[in-house]
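So the structure is just underneath, and the comments pick up after that.
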Amino acid sequence: MSLAEKYPEEVKAIFAKYPVKRSAVMPLLYLAQREGGYITKLAMADIAAMLELDVTEVASIVGFYTLYHDEQAGKYRMQVCNDLPCALRGADKFLDALCQNLGVKVGETTPDGLVTVEAVMCLAACDKAPMFQLQEGDKVTYYENMTVDRTMELVAALKAGVHGKELR
Amino acid sequence: MTHFLLRHRDISDIKDIEVYKKNGGFAAMKKVVTDMQPQQVVDEVKASGLRGRGGAGFPTGVKWSFLPNNIWPHYVVCNADESEPGTFKDREIMESNPFQFLEGVAIACYAVGATEGFVYLRGEFQQLQLFLDQCILQMEKEGVLGDRLFGTEYSLRLKTHLGAGAYICGEETALLESIEGKRGQPRVRPPFPAVVGLYGKPTVINNVETLTNLPFIIEKGAAWYKSLGTEKSPGVKVFSLSGNINKPGNYELPLGTTFRELIFTHGGGIPNDRKVKAIMPAGASSSIIRVDDSTFDKVMNTAMDYENVQSVGSLLGSASVIIIDDSHNMDWVIDKTVHFFKHESCGKCTPCRDGNYWMLHIVERIQDGQGTNADLQLLKTVATQVNGKCLCALGDFSTMAVTSALERFPEDFAAKVEA
């Protein structure tokens with residue numbers, strides 16, 4: 001099903017927002033990523049056709065921005081910032097311990113397909129490290145001043161199908 | 001001290017539109033639209049001496065006056081792509097004092113005759129976009145955004161645009177490319193955005209904090225604003241304090257506040273009785289200030305404004321002050337910064353793209369104890385070859401920490417290559 005068939009109201013609103021059609025590409029890509037957590041070749045072709053762009057052009061935008069993905073990963077991407085200010089507050093140790101607890105390396109997904117742990121660049125939350133963002137489809141939620149224990153509680157909650165907002 | 005930007009510290013529910021209105025909200029917007037000509041607004045902001053808070057410190061009113069009056073429409077774009085390691089002030093302003101921020105965007109639009117304004121948020125601020133969209137709807141209901149505002153002919157729409165993870169989009173021409181639906185890569189200048197900006201039209205790009213100053217400047221006047229801060233750097237600034245510090249966070253203080261006051265009075269000093277070894281006052285893009293027994297007092301007594309930070313060999317930038325204690329070595333610090341810039345280089349200019357790739361290789365070699373004295377010289381050479389040779393400042397920024405660390409902390413590197 002094309003994006004326009006699947007989300008007619010949202011696609012219409014996106015096109016109405018900009019004076020130039022091409023500007024719709026980024027919001028449309030988020031829409032395409034909502035359900036599966038990554039953007040398929042078919043979805044890129046769909047968006048390219050809507051915007052009268054070459055599919056390669058659309059793929060290059062997916063490749064350029066870090067929040068778009070063209071490969072499947074865990075249901076949740078747990079993106080830990082370990083840039084300088086966070087690292088000064090123990091983010092590297094946090095990331096190591098988290099990986100050990102989950103039994104994965106950075107970049108890997110837990111065997112149940114729930115969580116992919118990633119190290120990312122600055123998220124503008126340097127005073128609240130260790131911290132990470134949880135990306136699920138087109139949604140991004142911050143978790144700040146985290147400990148490994150609280151993060152493991154969050155993972156258990158996610159596994160049980162509860163978004164652990166109370167843990168933020 | 002009363003807060004003018006982080007007003008939620010004094011009035012906790014200022015993000016409620018009714019509370020904002022009760023506390024004088026939208027009075028400045030009404031004043032400019034009903035009582036002032038756009039040029040008068042530009043003149044008032046020029047007279048206030050307000051300078052861009054995104055890092056460059058360019059006078060805001062002067063920037064506005066570059067827009068030609070024979071090419072229309074004009075656009076205002078707010079840069080809310082806050083991504084510099086060490087900076088987290090714009091996020092707090094937008095989350096906690098959203099209406100003052102949006103009123104500031106609206107005032108800027110009126111001043112340059114724009115009827116459409118964009119707020120460009122970094123992709124990670126997805127939840128914040130939902131929140132600001134709701135705030136914009138509320139302002140439309142209040143009649144401070146929308147058609148024929150306050151019974152005049154002036155109409156204004158504000159829209160948010162969400163990025164998708166790219167530090168480079170904080171560079172203003174890359175940001176415009178991104179709104180246009182392209183990869184966020186900087187444009188060749190000239191032409192400057194003031195003439196050929198968003199969709200090829202004259203465009204003003206201002207930072208979140210800069211714009212949040214505007215309602216108070218309009219309400220209380222340029223003379224009042226100039227009474228805060230220093231002569232050349234008037235007003236207040238939100239300092240983001242992070243790293244090895246007891247109380248990290250944002251502190252709104254007059255420009256010209258000393259490092260000592262920020263670090264020890266507000267920040268509560270350094271944890272574990274450690275000493276300050278280095279300060280990066282402009283985030284990862286800083287030249288690193290060396291602090292030791294012989295320079296401690298000079299650095300701590302330095303006023304943090306656009307002029308004086310230069311006297312200790314760095315820049316104020318966006319005032320994202322990272323404190324590094326004496327348990328850390330500078331080879332580790334620049335490994336972090338180079339890793340960041342290598343990842344964030346957009347790839348358009350060869351010196352930045354390849355230079356950062358090679359700098360990271362060399363720095364990692366040194367960190368791993370495999371480096372030699374020749375590597376130190378090579379690292380300096382590569383940094384020199386990147387500096388000043390790229391379309392935007394990212395290339396320059398990536399070399400600041402490297403060059404200053406090598407020059408000011410030679411013992412850290414000597415120990416590493418000898419070991």
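General observations
- Within 10 Å of each Cβ in B:85-94, the average number of Cβ atoms from other chains: 4
- Within chain B, helix-based [θ] at 222 nm, where runs of 4 or more DSSP H residues each add -39,500 (n - 2.57), nearest 500: -12000 deg cm²/dmol
- With the convex hull of the Cα atoms taken as the outline of segment B:1-123, the averaged projected area works out to 8.8 nm².
- Value of Rg to Rh for chain B (Rh from inverse mean 1/r over Cα pairs, i.e. Kirkwood): 0.99
- Set of aspartates and glutamates near B:LYS226 by C-alpha distance (under 12 Å), chain-local residues within fewer than 8 positions excluded: B:GLU44
- For residues of A:115-126, the mean tally of beta carbons on other chains within 10 Å: 6
- Between B:HIS74 and B:THR115, the built amide H atoms are under 5 Å apart, and every one of these is 5 or more places off in sequence or on another chain.
- For segment B:279-419: rounded, prolate or oblate by the Cα gyration tensor [a/c cutoff 1.5]: oblate
- Under 28 Å from B:LYS232, Cα to Cα: lysines that are on another chain or at least 8 residues apart: B:LYS31, B:LYS46, B:LYS63, B:LYS89, B:LYS220, B:LYS298
- Whole-Hz Karplus values for segment B:305-314 come out as 9, 5, 8, 6, 5, 5, 5, 10, x, 8 Hz, taken residue by residue from phi with 6.51 cos²θ - 1.76 cosθ + 1.60 and θ = phi - 60°; glycine and proline positions read x.
- Anisotropy class of segment A:76-167 from Cα gyration tensor, a/c 1.5 cut: prolate
- Estimated distance in nm for a label pair at B:HIS266 and A:GLU136, the labels positioned 7 Å out from Cα along Cα-to-Cβ: 3.7
- Computed packing ranks the peptides B:238-249, B:26-37 as B:238-249, B:26-37, most packed first, by mean other Cβ atoms within 10 Å.
- Nonlocal amide H pairs with B:THR160, under 5 Å, H built at 1.01 Å: B:VAL119
- Sorted by Cβ density within 10 Å, fewest first, the residues B:MET400, B:MET304: B:MET304, B:MET400
- Against the main long axis of the alpha-carbon atoms of chain B, helix B:38-48 sits at an angle near 40°.
- When the P(r) is computed for the protein assembly as shown, the part past 41 Å accounts for 22% of the Cα-Cα pairs.
- Net charge dipole, the protein assembly as shown: roughly 900 debye, given to the nearest 20, about the Cα centre with Cβ charges of +1 for Lys and Arg and -1 for Asp and Glu.
- For segment A:74-85, Karplus couplings with θ = phi - 60° (6.51, -1.76, 1.60), whole Hz, Gly/Pro x: x, 4, 10, 9, 9, 10, 8, 7, 10, 5, 3, x
- Dipole size of segment B:330-418 about its Cα centre, with +1 on Lys/Arg Cβ and -1 on Asp/Glu Cβ: approximately 380 debye, rounded to the nearest 20.
- Segment A:1-116 shape via C-alpha gyration tensor axes, a/c threshold 1.5: prolate
- For chain B, the share of DSSP beta bridges that are antiparallel, to the nearest 5, is 40%.
- nm² value of the averaged projected area, convex hull over the Cα atoms of segment A:3-64: 3.9
- For chain A, modelled as a GNM whose springs connect Cα atoms under 10 angstrom apart, the maximal fluctuation among A:THR109, A:THR40, A:THR56 occurs at A:THR56.
- Per-residue Karplus couplings for segment A:95-111, computed as 6.51 cos²θ - 1.76 cosθ + 1.60 with θ equal to phi - 60°, are listed in order as 4, 4, 5, 5, 4, 4, 5, 8, x, 10, 9, 4, x, 9, 10, 4, x Hz, Gly and Pro entered as x.
- For B:ASP375, B:ASP13, order by how many other beta-carbon atoms lie within 10 Å, fewest first: B:ASP13, B:ASP375
- Mean partner shielding of peptide B:176-184, defined as the number of other chain Cβ atoms within 10 Å of each residue Cβ, is 6.
- Dipole check for segment A:76-167: with +1 at the C-beta of Lys and Arg, -1 at the C-beta of Asp and Glu, and the Cα centre as origin, the magnitude is about 60 Debye.
- Greater than 22 Å apart at Cα, pairs in A:LYS139/B:LYS159; A:LYS75/A:LYS105; B:LYS277/B:LYS336; B:LYS237/B:LYS348; A:LYS21/B:LYS182: B:LYS237/B:LYS348
- Amide H within-cut-off set for A:TYR76, under 5 Å, with H built and near neighbours excluded: A:VAL115, A:THR116
- Separation of the alpha carbons by more than 24 angstrom is noted, of B:LYS380/B:LYS416; B:LYS201/B:LYS389; A:LYS159/B:LYS247, for B:LYS201/B:LYS389; A:LYS159/B:LYS247.
- Burial ordering of B:LYS389, B:LYS416, B:LYS141, fewest other beta-carbon atoms within 10 Å first: B:LYS141, B:LYS389, B:LYS416
Coordinate-derived values only; no laboratory data. As the structure is a prediction and not an experimental result, all values here were calculated from the model. Because the Cβ atoms are built from the backbone with ideal geometry, glycine has one as well, and the counts that use them run over all protein chains shown.
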